[in-house]
Amino acid sequence: NRPIRVLVAKVGLDGHDRGAKVIAAALKDAGMEVIYTGLRQTPEMVVQAALQEDVDVIGVSILSGAHMTVFPALIRLLKEHHLEHIVLTGGGIIPEDDMVVLRDMGVGALFSPGTPTTDIANYIRSMVEMRRS
């Protein structure tokens, strides 16, 4: 039973990655393998990395306000590459109304700043277990 593999990504021009690094460390502490893409990734770069790294989850940290562009692009690219089995989740500054729209498009749970990292790890674990069975 292989460990859960999570790609933590920062997409776009948002240069604030402290939160992404905190999440990456917390998920590692929870027993997951974590690949962090670094700053200023495009959706295409993120999906290519997910493909190469054979991940179960993509977690996008977004504080720039570009979530309504980034997440739909990621969904489209995941479909094009037949990677719909990958859980797409994330967090940051995302208004509740936008979270509802993104969930309807197929994005998983989106977490606000201050969410306990254990909640995020538990969500990822349950989603991956569900998709693997």
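The values are calculated or read from the model by the stated rules, or taken from the named source; none is laboratory data. Source: prediction; values computed, not measured. All Cβ positions, glycine included, derive from the backbone under ideal geometry; neighbour counts span all protein chains shown. For accessibility, only protein heavy atoms count, side chains too; no ligands or nucleic acids. Shrake-Rupley method; radii C 1.70, N 1.55, O 1.52, S 1.80 Å.
Among 25-34, 1-10, how do they line up by average Cβ neighbours within 10 Å per residue, starting with the highest? Walk me through the intermediate numbers first.
Details: 25-34: 16.2, 1-10: 19.5.
Output ranking for 25-34, 1-10: 1-10, 25-34.
Shape class for the stretch 35-103: prolate, because the ratio a/c of the largest to smallest gyration tensor axis (alpha-carbon atoms, square roots of eigenvalues) is 1.5 or more and a/b beats b/c. Residues whose amide H comes within less than 5 Å of that of Val34, counting only those at least five positions distant or on another chain, are Val6 (H built at 1.01 Å from N in the peptide plane). With all protein chains present, how much of the accessible area of the chain (probe radius 1.4 Å) comes from carbon and sulfur, to the nearest whole percent? For the chain, the apolar C and S fraction of the accessible surface comes to 55 percent.
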